[in-house]
Amino acid sequence: MSCHNVGRALNNVVREVMNLYDAGDISKDAAKRLALRCCRSVAWCDGSEGEAIDYISACVCGRCFKLIPKGEPIYSTWQVSSAVPNQYEIKDENGDELPTDGLCEECFDIVLDHHCGEKGAGKRERDIQKKFEDCVSTGEYKDDNNGCRWVD
Ligand SMILES: [Zn+2]
């Protein structure tokens with residue numbers, strides 16, 4: 001059985017990372033690296049990467065790290081069609097891992113076009129994902145920690 005507490009603990013760290021980033025105390029690259037490290041750190045226990053980034057996954061673009069306004073689309077690099085080669089190895093155009101799979105429209109097109117080596121690949125995948133109901137940003141950070149209240 002997986003451990004949800006490690007995900008909640010690291011999600012709490014991600015919340016502080018975003019506090020620091022939003023205050024201008026750390027750079028975007030530092031914030032992305034820390035969020036990605038929190039995802040990877042669940043492996044020290046039997047945790048879920050998704051729980052470690054629950055705070056931001058429904059509203060922050062994993063590439064530009066901007067808050068996506070409520071109701072605007074958020075596209076998933078994990079939900080691409082089988083037309084995308086090596087679909088589980090999608091990284092940003094610099095080869096860096098993305099801390100979340102959700103991207104804004106502009107970043108999704110950059111990442112998918114580069115990954116597929118084909119201009120228009122991102123738009124094609126966006127058109128497919130627009131049919132998904134969960135393809136919309138909440139516009140705000142989660143106010144709970146994976147279903148539990150924040151404890152600090
Ligand atoms: Zn973006």
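Bear in mind these aren't lab numbers, they're just calculated from the coordinates by the rules spelled out. Please read these numbers as outputs of a predicted model, since none were measured by experiment. All Cβ positions, even for glycine, are placed from backbone atoms using ideal geometry, and neighbour counts span all protein chains on display.
Note: relative contact order over region 4-52, using C-alpha pairs below 8 Å and six or more positions apart, is 57 percent. Measuring nothing but how far apart in sequence close Cα pairs (under 8 Å, 6+ apart) lie, relative to its length, region 35-152 scores a relative contact order of 33 percent. Evaluated on region 7-57, the Kirkwood hydrodynamic radius is 10.6 Å, with distances taken between all distinct Cα atoms.
The trypsin sites (Lys or Arg not before Pro) of region 64-135 that meet both conditions, a loop assignment by DSSP and at most 12 other Cβ atoms within 10 Å of the site Cβ, are Lys70, Lys119, Lys130, Lys131.
Quote the charge dipole size of the chain about the Cα centre in Debye, to the nearest 20; the model charges only the Cβ of Lys and Arg (+1) and of Asp and Glu (-1).
20 debye
In the frame of its principal axes, region 75-129 has Cα extents of 24, 19, 19 Å, reported largest first. Counting only Cβ charges, +1 for Lys and Arg and -1 for Asp and Glu, the dipole size of region 75-129 around its Cα centre is about 220 debye.
Of Ala31, Ala52, Ala43, the residue with the greatest mean-square motion in the GNM of the chain, using alpha carbon springs below 10 Å, is Ala43.
Binning the alpha carbon pair distances of the chain at 5 angstrom intervals from zero yields the distribution 2, 10, 19, 21, 21, 15, 9, 3, 1, 0, expressed in whole percent.
The H on the amide N of Leu98, modeled in the peptide plane, is under 5 Å from the matching H of Asp92, each at least 5 residues off or on a different chain. For region 126-136, backbone phi angles converted through the Karplus equation (6.51, -1.76, 1.60; θ = phi - 60°) give residue-by-residue couplings of 4, 4, 5, 6, 4, 7, 7, 5, 8, 8, 9 Hz, Gly and Pro being listed as x.
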